[in-house]
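Participant: The structure follows.
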Amino acid sequence: MPLTLMWEAAASPGSGPALLTWARAAAPAGPYLRREFFTAPGDRVLVLTWWPSADDAEELPSPPEELIRREVHRWRFTSVAVEEP
C-alpha cells in the first residue's frame, strides 16, 4: 500500500530560502512516486513524498541546526480515498 511521508521544518530567522534549497538537495532520490515542496508563512518548508510502500519509504534527514528554529516534524500517512471533481 502506498505511503506518504510529510516533513515540515521552521527556518531560523532569514534562513527560509536556504532551508528550501537544503531540503531539495537532501531529499532521497527514489524510488518515490511523487515529491512536492511547499513554503508557508513563518519561513516554514514542507515536503510531501509518496512511496510505493512503507518498505521503500526514505525519510528526509534533519537539516543543520543553524537552518532551523525547532525540531523537524514528521508524519506518515496512508491514503484512504481520492476524490476528484
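Participant: What area, in nm² and to one decimal, does the C-alpha convex hull of region 25-82 cast on average over all directions? Can you show the working numbers first?
Facilitator: Working: hull surface 20.0 nm².
So the Cα hull casts an average projection of 5.0 nm².
Participant: Moving on. Going by alpha carbons, how many degrees (0 to 90, nearest 10) lie between the helix axis of 16-26 and the longest principal axis of the chain?
Facilitator: Here the helix axis deviates by roughly 50 degrees.
Participant: For Ala26 and Thr4, compute 0.36 nm times the residue count separating them, minus their Cα-Cα distance, and round to one decimal in nm.
Facilitator: That works out to 6.2 nm of additional length.
Participant: Peptides 18-24, 45-51: what's the order by average Cβ count within 10 Å, highest mean first?
Facilitator: 45-51, 18-24
Participant: Which of the GluC sites (Glu not before Pro) found in the chain are in a DSSP loop and have at most 11 neighbouring Cβ atoms, other than their own, within 10 Å?
Facilitator: Taking the chain and a limit of 11 other Cβ atoms within 10 Å, the loop GluC sites (Glu not before Pro) found are Glu71, Glu83.
We did not get these values from a lab; they are worked out from the coordinates using the rules stated. Values in this document were obtained by computation on a predicted structure and should not be read as measured data. We place every Cβ from the backbone using ideal geometry, glycine too, and count neighbours over all the protein chains shown.
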